[in-house]
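To start, the structure under review is shown below, and the notes come after it.
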Amino acid sequence: MQLSPTGSPQPHEIDRVEFPDLAAGQDGATGNAGALDPSEIESLMLNLDASLQVHSRPHFFTWTQGLLQGLLRHEVLICALRDGEPLSLRADSFSMIAPDPAIYTDLFLRDASVARSLIKAWEERHFRPVTFEVGGDCPFARGAFARELERAGAPRLFAHGIHDADGQATSFFIFACVPGAVGPKQAYLLQLAVPFLHSAWVRTQVNGRLKAGNDPKPAGGSNVTLREQEILKWIYLGKSNIEIGTILNISPLTVKNHVQKLLRKLNVLNRTQAIGKALELRILRP
């Protein structure tokens, strides 16, 4: 890369970016993103503009599984947002190939090694896009998440995120792709698109909470937090504190503390009563 007399890069020279192939052990591999052709520039601008129109989850689905596919082709998109503690994540999945994309969300959250491995690699790459092949030497190759993606024909993971001033991931986006769908140009486009993905996704979360806040709720459960609702869901599904801690990537003691707060808020004596009260108050839906 050449610099101008002022020390700034010449615009037409910013065309080399390093992209790793971690599955092949080529952490120092480089690729030339090259200049985008006019159709790619048009697609990029259309997607950036479309992202500004996203204000709800249906909008987000329509954008990512429609127009964004022309820029970043993928079979499954998993969006993860930090929920308080580092690596404590809430997530959602979007796909046109799966009857119920929520299966990818559940498997992603159940196997803590997936997020941990991807984010660790991303941090080691100085917050540049990372790729993983879910087979072979991948740290989570034998897990249910990897098997489900292989079954879907999308074993190539392509991930990038947004971090805060302390270097902690605030959001992370994982694209599961068919083999051969990811190259240097896609890595370059991903870096351009992720800030807009982040803004759009956060906007859906904020608007979702505002809408929920405007819905009438019976008294007695209005102070139950989103985290406590999440724990209630897993209690309802029969999970122990240890299992819930593994799924949410928090300690069993933290889960226990949340459960105790829930019992007090709902004015009940045990977990069974908590589920019954939560269903009655419509905090939890079967």
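Out of the residues in segment 95-105 that are outside any loop (DSSP other than H, G, I, E, B) and of a type outside the set (A, V, I, L, M, F, W, C), state the one that is surrounded by the most Cβ atoms within 10 Å (Cβ to Cβ).
Here the residue is Tyr104.
Here is a check on your reading of the model: is Glu148 more than 24 Å from Trp234 (Cα to Cα), among the charged types (D, E, K, R) and modelled with pLDDT of 90 or more?
It is false that Glu148 is more than 24 Å from Trp234 (Cα to Cα), among the charged types (D, E, K, R) and modelled with pLDDT of 90 or more.
Within segment 66-75, can you find the residues that are exposed (fewer than 15 other Cβ atoms within 10 Å of the Cβ) and in contact with a strand residue (DSSP E or B) (Cβ under 7 Å, 6 or more places away or on another chain)?
Scanning segment 66-75 gives a single hit, Arg73.
For segment 122-156, how many residues are under 20 Å from Pro101 (Cβ atoms) and touching a residue at least 60 places away in the same chain (Cβ under 8 Å)?
Selection size over segment 122-156: 5.
Answer yes or no as to whether Phe108 is closer than 26 Å to Arg227 by Cα and surrounded by 19 or more Cβ atoms within 10 Å (Cβ to Cβ).
yes
Please state which of the following conditions Trp63 fails to meet, knowing it meets all the rest: (1) surrounded by fewer than 17 Cβ atoms within 10 Å (Cβ to Cβ); (2) over 15 Å from the mean Cα position of the chain (by Cα); (3) touching a residue at least 24 places away in the same chain (Cβ under 8 Å).
(1)
Kindly provide the set of residues from segment 53-78 that are touching a helix residue (DSSP H, G or I) at 6+ places or on another chain (Cβ under 7 Å), closer than 19 Å to Gln191 by Cα and part of a helix (DSSP H, G or I), ordered by number.
Correct list: Phe60, Trp63, Leu67, Leu68, Gly70.
Identify, from the list Gly135, Gly161, the residue that is closer than 27 Å to Ile244 by Cα, touching a helix residue (DSSP H, G or I) at 6+ places or on another chain (Cβ under 8 Å) and surrounded by fewer than 18 Cβ atoms within 10 Å (Cβ to Cβ).
Numbers: Gly161 fails: surrounded by fewer than 18 Cβ atoms within 10 Å (Cβ to Cβ).
So the residue among Gly135, Gly161 that is closer than 27 Å to Ile244 by Cα, touching a helix residue (DSSP H, G or I) at 6+ places or on another chain (Cβ under 8 Å) and surrounded by fewer than 18 Cβ atoms within 10 Å (Cβ to Cβ) is Gly135.
Here's a check for you: in segment 76-95, which residue that is more than 10 Å from the chain's Cα centre (by Cα) and among the polar types (S, T, N, Q) is farthest from Val134 (Cα to Cα)?
Looking at the filtered set, the residue picked out is Ser88.
Among (1) of a type outside the set (Phe, Trp, Tyr); (2) over 24 Å from Val206 (Cβ atoms); (3) in contact with a Leu (Cβ under 9 Å, 6 or more places away or on another chain), which single condition is Leu109 missing?
Result: Leu109 passes all but (2).
When both residues are 6+ apart or on different chains and their Cβ atoms are under 9 Å apart, which pairs have a first residue that lies in segment 107-119 and is in the same structural domain as Glu148 (by TED's automatic domain parsing), and a second that is part of a helix (DSSP H, G or I) and among the hydroxyl-bearing types (Ser, Thr, Tyr)?
Arg110/Thr246; Asp111/Thr246; Ala112/Thr246
The values are calculated or read from the model by the stated rules, or taken from the named source; none is laboratory data. Owing to the predicted nature of the structure, the values given are computational and were not obtained by experimental measurement. Glycine also receives a Cβ, built like all others from the backbone with ideal geometry; neighbour counts cover every protein chain displayed.
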